[in-house]
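Read through the structure below, which is laid out as structure tokens, and then see the notes.
The values are calculated or read from the model by the stated rules, or taken from the named source; none is laboratory data. On a predicted model such as this, the values are computed, not experimentally measured, just so you know. We place every Cβ from the backbone using ideal geometry, glycine too, and count neighbours over all the protein chains shown. The area values use the complete protein model at the heavy-atom level, side chains included, leaving out ligands, DNA and RNA. Shrake-Rupley method; radii C 1.70, N 1.55, O 1.52, S 1.80 Å.
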Amino acid sequence: MIRWYCFAALFLGQICAYAQTTDTLKQLATVKIQAYITEQSLFKTPSAVSVIDQNLLNKQPGNSLIPALNTIPGVKMEERSPGSYRLSIRGSLLRSPFGIRNVKVYLDEFPLTDAGGNTYLNLIDVQSISELEILKGPDGSLFGANSGGVVLLKSFAKTNDSLSAAAELQTGSYGLFRESAQFLKAAEKYSIKLNQSFQQSNGYRDNSSMDRKYVQASQKWKYSTKNEFRSVIFYSDLNYKTPGGLTFDQYQTNPQAARPATATLPGAEEQNAGIYNTTLFAGLLHQAEISKTLKHIVAFSASHTDFENPFISNYEIRKENNLGLRTFLEYKPALSGTINYQIQTGLETQQNDSDISNFGNKKGTKDTLQSSDKLKAYQAFYFARLSGDIAGKLFFEAALSLNQFKYKFAPINSPLQTKNFNAELMPRLAFSYLLNDQLVLRTSLSKGFSSPTISEIRSSNQEINTGLEAEKGWNLETGIRLRSLDDRFWLDLSAYQYKLKNAIVRRVDQSDADFFVNAGGTNQIGLESQANAWILTYNQTRFIRSLQFSNSLSLNHYRFDNYQIASKNYSGNNLTGVPGFIATSFLSSVLPLNSYFYIQHSYNGKTPLNDSNSLFASAYNLIQIKAGT
């Protein structure tokens, strides 16, 4: 299957030449991450961190985050139909027939993942994001409950004073049309970024299409030498059709078909199955330097979501309101001796109120009320983190978070009942050692914890599952980072073992409605590598001004452990939905007249489609090419 794209762009204002600035030599030793509040060197950090910067995002088609995220080893992002995202970090998609589970996502400093565990990443427009940082493996040190990892979306790129405006039109196969506009003013005291976009497309299958309208405003205001406000607000109106799943025989007959009707249920097309989501999200942050050694940050966030899901068996309507508070202190003494350190301590708390009603679905129109429930979810965690270095050689991190989760539920207008989960400690200990300027060794031990989401507690079978427990486990990891003397080559290599218990998995009842259960555990052993090489550094006298090659590999030995459903024991089987081997490579070049050429190839190994491993999806190759000026 081949998709074609056509791009047209109009640039206004003061914009630096794209090609000359994006493919010049980047030194691994100077790349900085901000995931742990204070900026630090990616080369020396003891964590498994990957960065997707503005340069790589610019080389992608521009209508989806999927190709960029899939360049990172250990990360797998899928789009079942246009607009329907799934995302996993070093894990499976057992919990994600739709949506995103066991991964924590932040937009700037504000949690996009709500207290009910939902993450509407598909609301976000790609052009509003300037950079992503991906923390792989469970990380509760500053981010609370997650069993897979953390994704940090950044609105502003690291840039000096600049003024720019841009507009873009894009069209392609399967009815793709995209329009976007952006305005950016970045200065020392005040910065603002405005984004607007409209995107629509049809899918490969029947009853699959997507339509999204999006606006976002991000601001930074340094109103004094020691104090700063930051804010973000976005509105997204998203709807997409859902074609539904096919049996193997149905797929062989017509892979483009939507889910057909059965003797007891109508088909996806007849029921106009789809998702309608309008969300307003806002966050406000204040940062204050109390002294030269002490900094305080407090952030508030709120959102409202209107969600409708005409499904094959019913029509669900949700009203969701979310509130969040994140505050912490950072103590960083001005030391210049053998030991340097910093301490962060604080808390994050969130609340989600959901009114969920299910009606009969009469060809895409809600019918008779079937059930109506109110759910309130509460998540809070308290954290403390000590990090630093000894003699600029040994870098360390010791962190601990205490995570609490509970929810209340009842039919609407009835007294609420409460389900409390035991408070969970998530420790993290990590070290890296700088052998020399070219080689760093690192290791870490961390605990993952992920409570069930509201969508799993009350799934499409319309029952409140109070027996569903959180999944948890330990991750042990070691790795190296290697770079050449001139920084034209670098390698990041990781090996890990993650043992997860109480794995949450999806099941389907006799009426074809979803529900979730705890079904044992998994033993996940993986090897990851990411390598970058600048074959030609930038030289404007050559036809090929610069040439960069990158490759990422993921070897996944993921197996079920003590995993049993009723009388069926799947222990030792391959984890459903996880290929054993994934490889992604790209080649990027800068040519005369500030033009560029980019080609990316991805290989996905065969993938088990069911727990019994009786059915596998074939391996496939995916190639994308982009050229421009």
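With K and R counted +1 and D and E -1, the other residues having a Cβ less than 13 Å from that of residue 466 yield a net charge of 0. Placing 119, 293, 264 in order of accessible area, with the largest value first and a 1.4 Å probe, yields 264, 293, 119.
Using packing as a proxy for protection, rank 233-240, 386-393 so that the peptide with the highest average count of other Cβ atoms within 10 Å comes first. Spell out each step's value before the answer.
Working: 233-240: 19.1, 386-393: 15.2.
Taking the mean over residues of other Cβ atoms within 10 Å, the ranking is 233-240, 386-393.
Taking all protein chains together and a 1.4 Å probe, the residues 228, 348 rank 228, 348 from largest to smallest accessible area.
Heavy-atom accessible surface of residue 169, to the nearest 10 Å², is about 90 Å², with a 1.4 Å probe and all protein chains retained.
Exposure check, 1.4 Å probe, all protein chains in place: residue 31 carries approximately 40 Å² of accessible surface. From the alpha carbon centroid of the range 294-350 to that of the range 443-471 is 19 Å. The mean sequence separation of alpha-carbon pairs under 8 Å and at least six residues apart, normalised by the residue count of the chain, gives a relative contact order of 11 percent. Of 583, 490, 65, which is farthest along the charge dipole of the chain in the positive direction, counting Lys and Arg as +1 and Asp and Glu as -1 at C-beta? Sorting the options by dipole projection puts first 490.
My understanding is that a pair violates if its Cα-Cα distance is over 22 Å; which of 104/626; 319/366; 44/222; 185/222 do that in this structure? Can you show the working numbers first?
On the way: 104/626 31 Å; 319/366 16 Å; 44/222 30 Å; 185/222 14 Å.
Result: 104/626; 44/222 exceed 22 Å.
Remark: the range 270-286, residue by residue, has Karplus-estimated 3J(HN,Hα) of 4, 8, 6, 4, x, 10, 10, 9, 10, 9, 10, 10, 9, x, 9, 10, 10 Hz, where x stands for each Gly or Pro and the curve is 6.51 cos²θ - 1.76 cosθ + 1.60 at θ = phi - 60°.
List the relative contact order of the range 431-552 as a percent without decimals, with contacts defined as Cα pairs under 8 Å and 6+ residues apart. Write out the running numbers ahead of the final one.
Values: 265 pairs, mean separation 25.2, N = 122.
Result for the range 431-552 is 21 percent.
What order do 251, 407 take when sorted by accessible area (1.4 Å probe), most exposed first?
Reading off the accessible areas and sorting them downward yields 251, 407.
Charging the Cβ of each Asp and Glu at -1 and of each Lys and Arg at +1, and nothing else, the dipole of the chain about its Cα centre rounds to 840 debye. Near residue 83, once Lys and Arg are set to +1 and Asp and Glu to -1 for all other residues with Cβ below 11 Å from its Cβ, the sum equals +1. Karplus-based coupling profile of the range 103-120, in residue order and whole Hz: 10, 9, 10, 10, 9, 6, 9, 10, x, 7, 6, 8, 5, x, x, 7, 10, 8, with θ = phi - 60° in 6.51 cos²θ - 1.76 cosθ + 1.60 and x standing for Gly or Pro.
Report in % the part of the accessible area of the chain that belongs to carbon and sulfur, leaving out ligands and nucleic acids; probe 1.4 Å. Mind showing how you got there, number by number?
Values: 15110 of 26540 Å².
Here carbon and sulfur together make up 57 percent of the probe-accessible area.
Let a ≥ b ≥ c be the square roots of the eigenvalues of the Cα gyration tensor of the chain; is it rounded (a/c under 1.5), or, if not, prolate (a/b larger than b/c) or oblate? Here the chain falls in the rounded category. The distance linking the range 206-264 with the range 537-573 is 24 Å (Cα centroid to Cα centroid, whole angstrom).
Relative to the Cα centre, what is the charge dipole magnitude of the range 435-591, using +1 at the beta carbon of each Lys and Arg, -1 at the beta carbon of each Asp and Glu, and rounding to the nearest 20 debye? Provide the component values of the computation, followed by the final result.
On the way: 15 positive and 14 negative charges, 73 e Å.
Roughly 360 debye for the range 435-591.
Restriction of the trypsin sites (Lys or Arg not before Pro) in the range 284-350 to DSSP coil positions whose beta-carbon has at most 15 other beta-carbons within 10 angstrom yields 292.
Look at where the Cα atoms of the range 37-60 and of the range 489-507 average out, and the two centres are 20 Å apart. The HN-Hα couplings worked out from phi for the range 518-524 by the Karplus form 6.51 cos²θ - 1.76 cosθ + 1.60 (θ = phi - 60°) are 8, 9, x, x, 9, 10, 10 Hz, whole numbers, x standing for Gly and Pro.
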